Amino acid sequence: MTDSKYFTTTKKGEIFELKSELNSDKKEKKKEAVKKVIASMTVGKDVSALFPDVVNCMQTDNLELKKLVYLYLMNYAKSQPDMAIMAVNTFVKDCEDSNPLIRALAVRTMGCIRVDKITEYLCEPLRKCLKDEDPYVRKTAAVCVAKLYDISSSMVEDQGFLDQLKDLLSDSNPMVVANAVAALSEINESSASGQPLVELNSATINKLLTALNECTEWGQVFILDSLANYTPKDEREAQSICERITPRLAHANAAVVLSAIKVLMKLLEILSSDSDFCATLTKKLAPPLVTLLSSEPEVQYVALRNINLIVQKRPDILKHEMKVFFVKYNDPIYVKLEKLDIMIRLANQSNIAQVLSELKEYATEVDVDFVRKAVRAIGRCAIKVEPSAERCVSTLLELIQTKVNYVVQEAIVVIKDIFRKYPNKYESIISTLCENLDTLDEPEARASMVWIIGEYAERIDNADELLDSFLEGFQDENAQVQLQLLTAVVKLFLKRPADTQELVQHVLSLATQDSDNPDLRDRGFIYWRLLSTDPAAAKEVVLADKPLISEETDLLEPTLLDELICHIASLASVYHKPPTAFVEGRSAGVRKSLPNRTIAHTNDEATTSESATVIPNQESLIGDLLSMDIGAPVAASNVSQPPQSNVDLLGGGLDILLGGPPAVETTPAVQNTGNGLLGDIFGITTQTTTMIAIPKITWLPAEKGKGLEIQGTFARRGSGVYMDMTFTNKAMQAMSAFAIQLNKNTFGMVPGAPLQVPSLPPGQTAEVSLKLSISGPIMRMEPINNLQIAIKNNVDVFYFACLVHGHTLFTEDGQLDKRVFLSTWKEIPAANEVQYTLSGIVGNADAIAAKMTANNVFTIAKRNVEGQDMLYQSLKLENNVWALLELKLTPGSSEGTLSLKSRSVEVAPMIFTAYDMIIKSSF
């Protein structure tokens, strides 16, 4: 017999009948009545009037009836808080029942009733259940603590439930351990402090790893997620954890597999990249990832999105598994497109023939979107794998010969990119492209074809006729095509001025007089004035060499990629966005990043690597690096003191305008008490140095700010980055209600507090200092320290951009141990080394070391070799990117060479600029 009958009743006066049945003396009749009530509640009927009658049914030994009553209670307790108190006594009694199922049911329901009035009554029953003899009750109580914390965090802390929860990590039952871990993780994410509740250590980790083998699959996921937050103390411990986690890769549940991979990916950062263990572990990661691709499409998609991240971080893991990413005819489109993207990431010289064969096959499919992506992928292969470019171009020409409209158009778009990548190499195919001119109807394809005609106008005899044919319907063209037409005609005129004068006048007239598009008009006027005033300058501007394009698949910025690797097996890894980008409030959690390889080499092996080559062409120095003298004095304790006077700032401002050194904050000399002797031993002249201060410049001039002028600079004070601004009202009306917003940026900078600017009457000025928080969404900017700002007041919203001074992003914890410096430099590939020539250097090696330390660039070691002073330095940026530096100086010379190594080479220009500014400063 089914329970569907309970959902079919439509009687009048039903509430009255149910009330009578709920108070019946017969147990069966009472149970039937409760089932009817639950059914009515399920379909949306209001049966809250029966609250006291249902609560009376709690006094029963029948487990099924008790479950139903508790279900009703959970639903209506919030709307009937006063009446819910009636159930408290029964909860307390049920928590002491002889049946562990009833005790667990009671404590589970207690956690689900979110009513402040009765929460305090539930503390004692919960405390008993946390120490219950039955593990089923204890594991249920552990989850209840997390639910209670969400209702009243202060009460949970005051009652000592957190300590009891931590004790459960040592429980003998693996499921209790797993639930305790899950509860602590949940509490930790919603904790206001952001600090971990449990400091994981070797003993705790050992308990978790022991429980891992015996608990359920979801328990394993919670434990693995906790293990991912632990950083082993050395490489030996990291290897041990890897060995105990590796068996999880064979689990049937995809969530367990991905969570295990997340932990192993983090631990791989700590292991020596050239060790046999690391190579073996890397090989073990491929089969489980491949196995996930034989699941249902939804799981496949999640796996592919995670694989996309893994391939970007460690392409070697799947370099031999190209075939598993070949598209099947019955794959859904979202799986096909993701597989296609990964194929491009894995493409290399050894497998490119296989990849191109597949892509050519895909280009004949019936799914138009997929065909377009396949054609575009061929172009990406040509750009990525240079030796295959000719073969890719031949494949694209074959596809153009099919005369399938959307294939032809997509091929033309990618051929334009190939021309950019390999100039003067494949222009012989232009005539074939021009044959298809009449079939192009999509804006991107038309714009690409116009660009090709304009770029190679001198090689196309009838280029003027071709461009003129486009101009006939100029007003109907897409803005993208109109802009390309304008530029292409100007290029043609500059290359063949004699016979194209009428054509260029026509297009300039169309762009400037007949168009409503401001971008098109502005470009038209610029070209017109260039051509009429200085044709030579116009030629330099319009026909300038274009920067070569590069392979565009690795779109994720390295620090973002590292953060997403820490979120494998979560929504962040599917969206390819950090949690802060789509989760609001505290539940977004703290930002994570992969561990630096700095802890991996504190064992005996690292200290004996005397023959390691760290810095190219200086093999003889490296073995002695560990014994070098430390040359940098400790930074002065008063780094954050303000300048002594405004004169210092003004002088510095003039220096910057005239190309001289920036102003430097100075403080009175500090009397040496114990450092003098140490300085004499190392030959260092001890002096007080402080962080350089960059004078304010105008960010928003009054003419653009409707009378509001903003001058600003960036400074580092107390381990934080500050925007120091001067607001001046040069308008005729008062300004008020100021607010600020920052666009997404490379370092995730957002205002740390609301902008506090007082109401500004006309002619008044206000000084404001705003602390920036490094916790916002990330987007790669160009240059990386570019910051786009919006300021709002009662007049309008104003937009401007400025560059954050690089030295303000250097953190105070950027000093590496000498051994760690040695091993890290060795691990970073030579391709990641950049050199920069310094000139106008002020001071000797010791003075430079002191200046740099004051600005959070720490000297690890110094040495004089063959008459040259060598400084080895490290720094860490706010986004956890490390940079290792080697400075070569010739005593008495004002020039030097700075070498930089980092896993994120894109930070080099900013660091070089900041370093140059610091080193030229005078104290």
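The values are calculated or read from the model by the stated rules, or taken from the named source; none is laboratory data. Fair warning: this is a prediction, and the values are worked out from it, not measured in the lab. Neighbour counts are summed over all protein chains in view; Cβ atoms, including those assigned to glycine, are modelled from backbone coordinates with ideal geometry. Keep in mind that these areas ignore ligands, DNA and RNA; they rest on the heavy atoms of the full protein, side chains included. Shrake-Rupley method; radii C 1.70, N 1.55, O 1.52, S 1.80 Å.
Among the residues of region 819-840, how many are under 20 Å from residue 897 (Cα atoms) and assigned to a helix (DSSP H, G or I)? Before you say what the answer is, go through the steps one by one.
At the first step, the residues of region 819-840 found to be under 20 Å from residue 897 (Cα atoms) are 821-822, 825-826, 828-840.
Restricting the remaining residues to those that are assigned to a helix (DSSP H, G or I) gives 821-822, 825-826, 830-832.
Of the residues in that region, 7 qualify.
Residue-wise test of (1) of a type in the set (Val, Ile, Thr); (2) modelled with pLDDT of 90 or more.
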| site | (1), (2) |
| --- | --- |
| 402 | yes, no |
| 441 | no, no |
| 455 | no, no |
| 464 | no, no |
| 484 | no, yes |
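Could you please find all residues in region 13-59 being within 21 Å of residue 101 (Cβ to Cβ), open to solvent by 40 Å² or more (accessible area, probe 1.4 Å) and either β-branched (Val, Ile, Thr) or not in a helix (DSSP H, G or I) (or both)?
Scanning region 13-59 gives a single hit, 59.
Residues checked against (1) under 23 Å from the mean Cα position of the chain (by Cα); (2) modelled with pLDDT of 90 or more:
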| position | (1), (2) |
| --- | --- |
| 264 | yes, yes |
| 280 | no, no |
| 287 | no, yes |
| 297 | no, yes |
| 328 | no, no |
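Among the numbered criteria (1) in a helix (DSSP H, G or I); (2) of a type outside the set (Val, Ile, Thr); (3) at pLDDT below 90; (4) within 23 Å of the chain's Cα centre (by Cα), which one does residue 879 miss?
(1)
How many of the residues making up region 721-774 are crowded, with 16+ Cβ neighbours inside 10 Å and either part of a strand (DSSP E or B) or out of contact with any Gly (no Cβ under 6 Å at 6 or more places or on another chain) (or both)?
Here the count works out to 28.
For region 699-720, name all the residues that are open to solvent by less than 50 Å² (accessible area, probe 1.4 Å), assigned to a strand (DSSP E or B) and either polar (S, T, N, Q) or without any contact (Cβ under 8 Å) to a residue 60 or more places away in the chain (or both).
709, 713, 720
Could you tell me whether residue 164 is over 19 Å from residue 225 (Cα atoms), open to solvent by less than 40 Å² (accessible area, probe 1.4 Å) and either without any contact (Cβ under 8 Å) to a residue 60 or more places away in the chain or out of contact with any strand residue (DSSP E or B) (no Cβ under 6 Å at 6 or more places or on another chain) (or both)?
Values: over 19 Å from residue 225 (Cα atoms): yes; open to solvent by less than 40 Å² (accessible area, probe 1.4 Å): yes; either without any contact (Cβ under 8 Å) to a residue 60 or more places away in the chain or out of contact with any strand residue (DSSP E or B) (no Cβ under 6 Å at 6 or more places or on another chain) (or both): yes.
Judged against the criteria, residue 164 is a match.
Quick check on my filter: what residues within region 243-261 are of a type in the set (S, T, N, Q) and either modelled with pLDDT of 90 or more or within 18 Å of residue 277 (Cβ to Cβ) (or both)? Spell out how you get there, then give the answer.
Pass one, region 243-261, residues of a type in the set (S, T, N, Q): 246, 253, 259.
Residues satisfying the conditions are 246, 259.
Please work out which residue is most open to solvent (accessible area, probe 1.4 Å), limiting yourself to region 895-916 and to residues that are outside any helix (DSSP H, G or I) and within 14 Å of residue 833 (Cβ to Cβ). If you could, list the steps in order and put the result at the bottom.
Initially, region 895-916 is screened for residues outside any helix (DSSP H, G or I), giving 895-904.
Next, only the ones that are within 14 Å of residue 833 (Cβ to Cβ) stay: 897-904.
Details: 897: 46, 898: 0, 899: 1, 900: 0, 901: 10, 902: 0, 903: 98, 904: 9 Å².
By that ranking, first place goes to 903.
If you take the residues of region 185-220 that are open to solvent by 80 Å² or more (accessible area, probe 1.4 Å) and at pLDDT 80 or above, which of them is nearest to residue 247 (Cα to Cα)? It would help to see each step written out before you state the result.
Residues of region 185-220 open to solvent by 80 Å² or more (accessible area, probe 1.4 Å): 186, 189, 192, 195, 199, 207, 213-214, 218.
Right, trim to at pLDDT 80 or above and you get 186, 207, 213-214, 218.
Numbers: 186: 26, 207: 17, 213: 9, 214: 12, 218: 16 Å.
By that ranking, first place goes to 213.
Enumerate the pairs (first residue in region 776-790 and of a type in the set (Lys, Arg); second residue anywhere and modelled with pLDDT under 90) with beta-carbon separation below 6 Å, excluding pairs fewer than 6 apart on the same chain, so at least 6 apart or on different chains.
Going by the 6 Å Cβ cut-off, the qualifying pairs are 780/557; 780/746.
All but one of (1) in contact with a helix residue (DSSP H, G or I) (Cβ under 8 Å, 6 or more places away or on another chain); (2) within 23 Å of residue 780 (Cα to Cα); (3) open to solvent by 10 Å² or more (accessible area, probe 1.4 Å) hold for residue 865; which doesn't?
Every condition holds for residue 865 apart from (2).
From 876, 901, grab the single residue that is within 24 Å of residue 803 (Cβ to Cβ) and touching a Gly at 6+ places or on another chain (Cβ under 6 Å).
On the way: 901 fails: touching a Gly at 6+ places or on another chain (Cβ under 6 Å).
Every option except 876 fails the conditions.
Mind checking which pairs have a first residue in region 289-301 that is in contact (Cβ under 8 Å) with a residue 12 or more places away in the chain and a second that is open to solvent by 40 Å² or more (accessible area, probe 1.4 Å) and outside any helix (DSSP H, G or I), Cβ under 8 Å, 6 or more apart or different chains?
Short answer, once both residue conditions are applied: 289/321; 290/321.
Please go through region 278-296 and give me each residue that is of a type outside the set (Ser, Thr, Tyr), outside any loop (DSSP other than H, G, I, E, B) and surrounded by 14 or more Cβ atoms within 10 Å (Cβ to Cβ), ordered by number.
278, 281, 284, 285, 286, 288, 289, 290, 292
Output yes when any residue across region 819-838 is touching a residue at least 40 places away in the same chain (Cβ under 8 Å), open to solvent by 40 Å² or more (accessible area, probe 1.4 Å) and of a type in the set (Phe, Trp, Tyr), and no when none is.
Yes; the residues of region 819-838 include at least one that is touching a residue at least 40 places away in the same chain (Cβ under 8 Å), open to solvent by 40 Å² or more (accessible area, probe 1.4 Å) and of a type in the set (Phe, Trp, Tyr).
Mind checking which residues of region 60-73 are open to solvent by 70 Å² or more (accessible area, probe 1.4 Å) and at pLDDT 75 or above?
Within region 60-73, the first condition is being open to solvent by 70 Å² or more (accessible area, probe 1.4 Å), and the residues that meet it are 61, 64, 67, 71.
Those that are open to solvent by 70 Å² or more (accessible area, probe 1.4 Å) and at pLDDT 75 or above: 64, 67, 71.
From the list 447, 377, 389, 382, exactly one residue is in a helix (DSSP H, G or I), open to solvent by less than 10 Å² (accessible area, probe 1.4 Å) and within 30 Å of residue 515 (Cα to Cα). Which is it?
Numbers: 377 fails: within 30 Å of residue 515 (Cα to Cα); 389 fails: within 30 Å of residue 515 (Cα to Cα); 382 fails: within 30 Å of residue 515 (Cα to Cα).
Exactly one of 447, 377, 389, 382 is in a helix (DSSP H, G or I), open to solvent by less than 10 Å² (accessible area, probe 1.4 Å) and within 30 Å of residue 515 (Cα to Cα), namely 447.
Among the residues of region 251-268, is there at least one that is surrounded by fewer than 20 Cβ atoms within 10 Å (Cβ to Cβ) and closer than 30 Å to residue 819 by Cβ?
Checked against the condition, which is being surrounded by fewer than 20 Cβ atoms within 10 Å (Cβ to Cβ) and closer than 30 Å to residue 819 by Cβ, region 251-268 yields no hits at all.
Would you be able to say whether some residue in region 467-488 is in contact with a Pro (Cβ under 7 Å, 6 or more places away or on another chain), open to solvent by 10 Å² or more (accessible area, probe 1.4 Å) and part of a loop (DSSP other than H, G, I, E, B)?
Of all residues in region 467-488, those in contact with a Pro (Cβ under 7 Å, 6 or more places away or on another chain) come to 478, 480-481.
Next cut, open to solvent by 10 Å² or more (accessible area, probe 1.4 Å) only: 478, 480.
Then keep just the ones that are part of a loop (DSSP other than H, G, I, E, B); that gives 478.
Looking through region 467-488, at least one residue is in contact with a Pro (Cβ under 7 Å, 6 or more places away or on another chain), open to solvent by 10 Å² or more (accessible area, probe 1.4 Å) and part of a loop (DSSP other than H, G, I, E, B).
Testing residue 517 on (1) under 35 Å from the mean Cα position of the chain (by Cα); (2) at pLDDT below 90, one condition comes back false. Which one is that?
Answer for residue 517: the failing condition is (1).
Exactly one condition in (1) in a helix (DSSP H, G or I); (2) surrounded by 18 or more Cβ atoms within 10 Å (Cβ to Cβ) is false for residue 327; which is it?
Unmet condition: (1).
Is it fair to say residue 410 is farther than 25 Å from residue 511 by Cα, assigned to a helix (DSSP H, G or I) and open to solvent by 50 Å² or more (accessible area, probe 1.4 Å)? Steps first, please.
Values: farther than 25 Å from residue 511 by Cα: yes; assigned to a helix (DSSP H, G or I): yes; open to solvent by 50 Å² or more (accessible area, probe 1.4 Å): no.
In short, no.
I'd like to verify a number: residues in region 413-426 that are over 20 Å from residue 490 (Cβ atoms), touching a Phe, Trp or Tyr at 6+ places or on another chain (Cβ under 9 Å) and open to solvent by 10 Å² or more (accessible area, probe 1.4 Å), how many?
Taking region 413-426 first, the residues over 20 Å from residue 490 (Cβ atoms) are 413-415, 417-418, 421-422, 424-426.
Next cut, touching a Phe, Trp or Tyr at 6+ places or on another chain (Cβ under 9 Å) only: 415, 418, 425-426.
Then drop every residue that is not open to solvent by 10 Å² or more (accessible area, probe 1.4 Å), which leaves 425-426.
Number of matching residues: 2.
Can you report the number of residues in region 846-876 which are charged (D, E, K, R), at pLDDT 90 or above and not in a strand (DSSP E or B)?
Residues of region 846-876 charged (D, E, K, R): 846, 851, 862-863, 866, 869, 876.
Those still in the list that are at pLDDT 90 or above too: 876.
Filter once more, keeping what is not in a strand (DSSP E or B): none.
Number of matching residues: 0.
What single numbered condition from (1) buried (at least 19 other Cβ atoms within 10 Å of the Cβ); (2) assigned to a helix (DSSP H, G or I); (3) in contact with a helix residue (DSSP H, G or I) (Cβ under 7 Å, 6 or more places away or on another chain) fails to hold for residue 568?
Every condition holds for residue 568 apart from (2).
Go through region 297-313 and count every residue that is farther than 18 Å from residue 331 by Cα and open to solvent by 20 Å² or more (accessible area, probe 1.4 Å).
Adding up the residues that qualify gives 2.
Test residue 892 against the stated conditions and say whether it is open to solvent by 50 Å² or more (accessible area, probe 1.4 Å) and not charged (D, E, K, R). Give the steps one after another, and end with the answer.
Working: open to solvent by 50 Å² or more (accessible area, probe 1.4 Å): yes; not charged (D, E, K, R): yes.
Yes.
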